[in-house]
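One structure is given below, encoded as structure tokens.
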Amino acid sequence: MKDQFSLIIGGQSLAGDRGTFKVLNPATEETLAECPFASPEQVDLAVKTAGEAFKTWQHSSDEERVAALNAIADKFEAHAEELAEIITLEQGKPLDVARFEVGGAVAWTRYTASLEIPVEVIEDSDVRRAELHRKPLGVVGSITPWNWPLMIAIWHVMPAIRTGNTVVVKPSSMTPFNTLRMVELMNEVLPAGVINIVTGEGGIGSSMVRHEGIRKIVFTGSTPTGQTIMRNAADNLKRLTLELGGNDAGIVLPDADIGKLAPRLFQSAFINMGQTCAALKRLYVHDSQYDALVEKLAELARAQKVGSGMEEGVTFGPVQNAEQFQLVSELVEDARQNGARVVTGGERLGDRGYFYPPTIVADITDGTRLVDEEQFGPALPVIRYSDVEDAIRRANDNPNGLGGSVWGTDIDKAKAVAARLESGTAWINNHAEVLPHCPFGGCKMSGIGTEFGLDGLLEYTQNQLINISKG
Ligand code: NAD
């Protein structure tokens, strides 16, 4: 990884007015590199520059934007290994998972390029022709978290640019380098000012949310931050897409083939060390298979090789940061104190790096913090139930509503249960799978709006009805 990064505003590389801040490698707790620290004045400059670029980019042809996105995807492919290494070094995930993230970034970029922006003819009669057009909004502000930093930035930025908006990006201060590099590569393709990046700690995101020159904020992160953003975005009625926290429940029905499904259940819960918005975070298992499934999950947990994501053969990296590590440790400790059985893991590994092994917690139930709160880390509570109705009630008895899943052999029965989950996505015999063509978003406190597919693309546009009188 190179050791110097700059803000990019209007195609120019700039140092941060406030100097730099340190970014740690979670596997060593040592400084990985210094990141530019932007001032609120630089946020203002970035927004104004994006506003200038919008004057021409909004009129760019469809062909030009499609070609630009495909050329960007080519650049990402050419730099895939470099991007994956940056992700592993700052985020912690094993290199293969980082490669998967870069592959996802390329796939989403190409898919977004392939979408057509529709013009709907609502009426074409002797009296009038009414056409519904979709126009870009203006400057879009993207604010991203630290768990899938590159992929989530792509989810925000590509549909915005595809529909003729210009963008200011602010990545998490814990994982800024992959996004700085992404914006550098994109600037090799796009006209100056179409995409700009500001990095910094505290305050930077808030300056963006309050800025009058931004027409929409797309935010992925925690629910409390999303609520603050919604309050602060009110002054100029910014459009919002908020992808927030989740506490996804899975229900294993009595007829589930747990021998076949256990590895997928494990993967759904522990992907990215459990730091995935729509990971499986509470697992309800029917009494008849409870002990057997707990043991299978424990076997899979014990088989993981925990270590630095850069090391060959490692399947499980560190937690990304000290605060998250502390939260996971605290929730598992609280469960233990309340009589739960920690079947695997449950203790820090080593004294350097935020290593916490995959932890299976059994004999636990609702009302315990590890079940009720979002752990966003490598600890899965497995909860016993005997009545499916009761499991559905408990799965829904949570303020979050991002995803949910049902696991069973009789698909009609599983589907009937899935339809009753209060969640934006309900998977059957799977969980946490997101796809570029399938709309995704949360209900209840998990967010507002949709990403992916045509529905997601159109969130970056506003309607304009053209009404042609024929009289
Ligand atoms: P976070 O809310 O702490 O931070 C997210 C981003 O918001 C960071 O860039 C941060 O600097 C910025 N920010 C903080 N305060 C701000 C403010 N007042 N105004 C504007 N920006 C501000 O979230 P995190 O800890 O980085 O990420 C973990 C959370 O994200 C989890 O709750 C997880 O479930 C959620 N998440 C949700 C999805 C989804 O699609 N629903 C996807 C990934 C992560």
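The values are calculated or read from the model by the stated rules, or taken from the named source; none is laboratory data. Given the structure is predicted, the values throughout are model-derived calculations rather than measurements. All Cβ positions, even for glycine, are placed from backbone atoms using ideal geometry, and neighbour counts span all protein chains on display.
Selection of first residues in the stretch 29-42 that are among the aromatic types (Phe, Trp, Tyr) and of second residues that are in a loop (DSSP other than H, G, I, E, B) and buried (at least 19 other Cβ atoms within 10 Å of the Cβ), restricted to Cβ pairs under 6 Å at least 6 apart or on distinct chains, gives the following pairs, ordered by first then second residue: 37/16; 37/200.
Determine if the stretch 303-317 includes at least one residue that is surrounded by 19 or more Cβ atoms within 10 Å (Cβ to Cβ), over 24 Å from the mean Cα position of the chain (by Cα) and β-branched (Val, Ile, Thr). For the stretch 303-317, residues surrounded by 19 or more Cβ atoms within 10 Å (Cβ to Cβ), over 24 Å from the mean Cα position of the chain (by Cα) and β-branched (Val, Ile, Thr): absent.
Return a yes/no flag: does the stretch 454-464 have any residue that is in the same structural domain as residue 284 (by TED's automatic domain parsing) and polar (S, T, N, Q). No, every residue in the stretch 454-464 fails to be in the same structural domain as residue 284 (by TED's automatic domain parsing) and polar (S, T, N, Q).
Please verify whether the stretch 250-259 includes one or more residues that are more than 9 Å from the ligand (Cβ to nearest atom) and within 21 Å of residue 450 (Cα to Cα). Checked the stretch 250-259: no residue is more than 9 Å from the ligand (Cβ to nearest atom) and within 21 Å of residue 450 (Cα to Cα).
Quick check on the stretch 269-290. Is at least one of its residues surrounded by fewer than 24 Cβ atoms within 10 Å (Cβ to Cβ), more than 30 Å from residue 141 (Cβ to Cβ) and among the hydrophobic types (A, V, I, L, M, F, W, C)? No: the stretch 269-290 contains no residue that is surrounded by fewer than 24 Cβ atoms within 10 Å (Cβ to Cβ), more than 30 Å from residue 141 (Cβ to Cβ) and among the hydrophobic types (A, V, I, L, M, F, W, C).
Only one of the numbered conditions (1) in contact with a Leu (Cβ under 8 Å, 6 or more places away or on another chain); (2) in the same structural domain as residue 117 (by TED's automatic domain parsing) is not met by residue 424, and that is (2). Checked against (1) aliphatic (A, V, I, L, M); (2) over 24 Å from the mean Cα position of the chain (by Cα); (3) under 30 Å from residue 462 (Cβ atoms), residue 15 passes all but condition (3). In the stretch 120-149, which residue that is away from the ligand (no atom under 12 Å from the Cβ) and either modelled with pLDDT under 95 or hydrophobic (A, V, I, L, M, F, W, C) (or both) is farthest from residue 103 (Cα to Cα)? Within the stretch 120-149, the match that is farthest from residue 103 (Cα to Cα) is 127. Helices (runs of 4 or more DSSP H) fully within the stretch 364-448 that include at least 3 residues being within 16 Å of the ligand (Cβ to nearest atom): 369-372. Tell me, yes or no, whether the stretch 451-470 has at least one residue that is more than 20 Å from residue 101 (Cβ to Cβ), more than 14 Å from the chain's Cα centre (by Cα), within 16 Å of the ligand (Cβ to nearest atom) and part of a strand (DSSP E or B). No: zero hits. In the stretch 349-365, the qualifying residues are those that are within 18 Å of residue 293 (Cβ to Cβ) and not aliphatic (A, V, I, L, M), and the one that is farthest from the chain's Cα centre (by Cα) is 363.
Which residues, taken from the stretch 189-203, are crowded, with 24+ Cβ neighbours inside 10 Å and either within 16 Å of residue 144 (Cα to Cα) or of a type in the set (Ser, Thr, Tyr) (or both)? Passing the criteria: 195, 196, 197, 198, 199, 200.
For residue 152, the conditions (1) near the ligand (Cβ under 10 Å from one of its atoms); (2) hydrophobic (A, V, I, L, M, F, W, C); (3) under 18 Å from residue 45 (Cβ atoms) all hold with the exception of (3).
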